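Asker: Okay, here's the structure, questions in a sec.
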Amino acid sequence: MKQKIHSAELSLSCGRPDQLPPPLEPEVALVGRSNVGKSSLINSLVNRKNLARKSNTPGKTRLVNFYRIELVCGGARRRLLLVDTPGYGYAQASRGERRRFDELMNAYLNARRSSLERVALVCDLRHPGKSADLEAWEWLTGLGYPLLAVATKADKLSKNARAKNLAAWSRALGTRPLEYSAAEGFGRDALWPLLLGI
Ligand SMILES: Nc1nc2c(ncn2[C@@H]2O[C@H](COP(=O)(O)OP(=O)(O)O)[C@@H](O)[C@H]2O)c(=O)[nH]1
Ligand SMILES: [Mg+2]
């Protein structure tokens, strides 16, 4: 479904649970390993190079970032907070950093947040069934939010490998991830309606 982005801005960055905003506007959260491509996915979705910070250094994003997006999709005007969360599974993180990450993610995701309409697990199409991702999927399933999976970096694989890995991801998760490439914008028109629930 074609979409036209009217505005996209960083609305709020939270480093601590007490900084989280009240649950007043519809939100979709992106969850995934460090460096999997969450920030790039946000930039690609809104067609901007540098809205969300991209990083070649895994684990740099320690904040829950709320991006307010206004767009027209499916013929109607819509608004959404797209929420970039800190990546899990960063081996070099210190124990203190991990505890802070757990506290922040638990405060945000564990509270049956009324404004959180769905959660997207972002995974790497090249690495089907990675255990850290399966653990995250299981955890998210237990939280009760509607879930979807996005398998990104598709451009890094051949056509055959893409199909094979997508099938492997589908088996591992029990649902078919949406194939995406932030580098090419591939998957954008399919993902927007899923994020908006239309
Ligand atoms: N080729 C390619 N590279 C990507 C894609 N998505 C992200 N990357 C690269 O992967 C690295 C990590 O991306 P980033 O968005 O910062 O990951 P995050 O830690 O999950 O936010 C960066 O070097 C990105 O340029 C993609 O779809 N294709
Ligand atoms: Mg990031």
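The values are calculated or read from the model by the stated rules, or taken from the named source; none is laboratory data. Here the structure is a predicted model, which is why all the values come from computation and not from measurement. Cβ: placed from backbone, ideal geometry, glycine included. Neighbour counts: every protein chain shown.
Asker: Just give me the residues in the stretch 122-134 being within 16 Å of the chain's Cα centre (by Cα) and in a helix (DSSP H, G or I), in sequence order.
Answerer: Ala132, Asp133, Leu134
Asker: Now a separate question. Can you name the residue in the stretch 9-46 that is in a strand (DSSP E or B) and away from ligand 2 (no atom under 14 Å from the Cβ) and is also surrounded by the fewest Cβ atoms within 10 Å (Cβ to Cβ) among such residues?
Answerer: Glu9
Asker: Could you tell me whether any residue of the stretch 118-131 is buried (at least 20 other Cβ atoms within 10 Å of the Cβ) and modelled with pLDDT under 95?
Answerer: no
Asker: Could I ask something else about it? Filter the stretch 162-198 down to residues that are away from ligand 1 (no atom under 14 Å from the Cβ), more than 24 Å from Arg48 (Cα to Cα) and of a type outside the set (Phe, Trp, Tyr), then give me how many there are. Don't jump to the end; show me each part of the working.
Answerer: Taking the stretch 162-198 first, the residues away from ligand 1 (no atom under 14 Å from the Cβ) are 163-164, 166-176, 189-190, 192-198.
Keeping just the survivors that are more than 24 Å from Arg48 (Cα to Cα) gives 163-164, 166-176.
Within this subset, residues satisfying the condition of being of a type outside the set (Phe, Trp, Tyr) are 163-164, 166-168, 170-176.
The qualifying residues number 12.
Asker: Would you confirm, using the coordinates I've provided, whether Pro177 is loosely packed, with under 14 Cβ neighbours inside 10 Å and touching a strand residue (DSSP E or B) at 6+ places or on another chain (Cβ under 6 Å)?
Answerer: Working: loosely packed, with under 14 Cβ neighbours inside 10 Å: no; touching a strand residue (DSSP E or B) at 6+ places or on another chain (Cβ under 6 Å): yes.
Considered against the rule, which asks whether it is loosely packed, with under 14 Cβ neighbours inside 10 Å and touching a strand residue (DSSP E or B) at 6+ places or on another chain (Cβ under 6 Å), Pro177 comes out as no.
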